[in-house]
């Protein structure tokens, strides 16, 4: 189970890293181009694509590392079982929303196969796939979060049982 989690984390980290590298490289080309006269037209478009994919791969990672917008002030002020319960409800909402939106996201991505980007000439289903990647990542990381909460709860119960007998 842990190896799956590590694999998912590594794949999304690589996705974020590649998108960030593309974004930085393209912006650098834009800046240099503007300094010497004119920047290539395709840099605007590639910057947008890179940003889309950086967010798509990074959304799940942010959920995993608890860096998404959260109401910690409320959660942490509640008594012991409630923060965990709210975390479970939050994960379940993300999974439900992802399940509801997944089919429309696939349809949206497939519409892009009939269109091309003006400057790069790439099929737009490539850019639209970022929505599918974002949803899949959020759902996957929510499932991993639920499994982690379950595993911790199970380990805690086993530890308490062991303490009773010692």
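The values are calculated or read from the model by the stated rules, or taken from the named source; none is laboratory data. These numbers were taken from a predicted model, which means no experiment stands behind them. Ideal geometry is used to build each Cβ from the backbone, glycine not excepted, and the neighbour counts take in all protein chains shown.
Checked against (1) in contact with a helix residue (DSSP H, G or I) (Cβ under 9 Å, 6 or more places away or on another chain); (2) farther than 26 Å from residue 13 by Cβ; (3) exposed (fewer than 12 other Cβ atoms within 10 Å of the Cβ), residue 99 passes all but a single condition, namely (2).
Taking the condition modelled with pLDDT under 95 and out of contact with any strand residue (DSSP E or B) (no Cβ under 8 Å at 6 or more places or on another chain), does residue 84 pass? Spelling it out, residue 84 is indeed modelled with pLDDT under 95 and out of contact with any strand residue (DSSP E or B) (no Cβ under 8 Å at 6 or more places or on another chain). Please work out if residue 46 is touching a helix residue (DSSP H, G or I) at 6+ places or on another chain (Cβ under 7 Å) and closer than 30 Å to residue 148 by Cβ. So residue 46 does not fit the description; no.
Rundown of residues vs (1) buried (at least 18 other Cβ atoms within 10 Å of the Cβ); (2) closer than 18 Å to residue 147 by Cβ, yes/no style:
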| position | (1), (2) |
| --- | --- |
| 10 | no, yes |
| 19 | yes, no |
| 23 | yes, no |
| 30 | no, no |
| 35 | no, no |
| 51 | no, no |
| 57 | yes, no |
| 69 | no, no |
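Selection over the range 26-41 of residues that are over 17 Å from residue 117 (Cβ atoms), under 30 Å from the mean Cα position of the chain (by Cα) and not in a helix (DSSP H, G or I) gives a count of 0. If you check 61, 92, 52 for being in a helix (DSSP H, G or I) and more than 30 Å from residue 29 (Cβ to Cβ), only one passes: 92.
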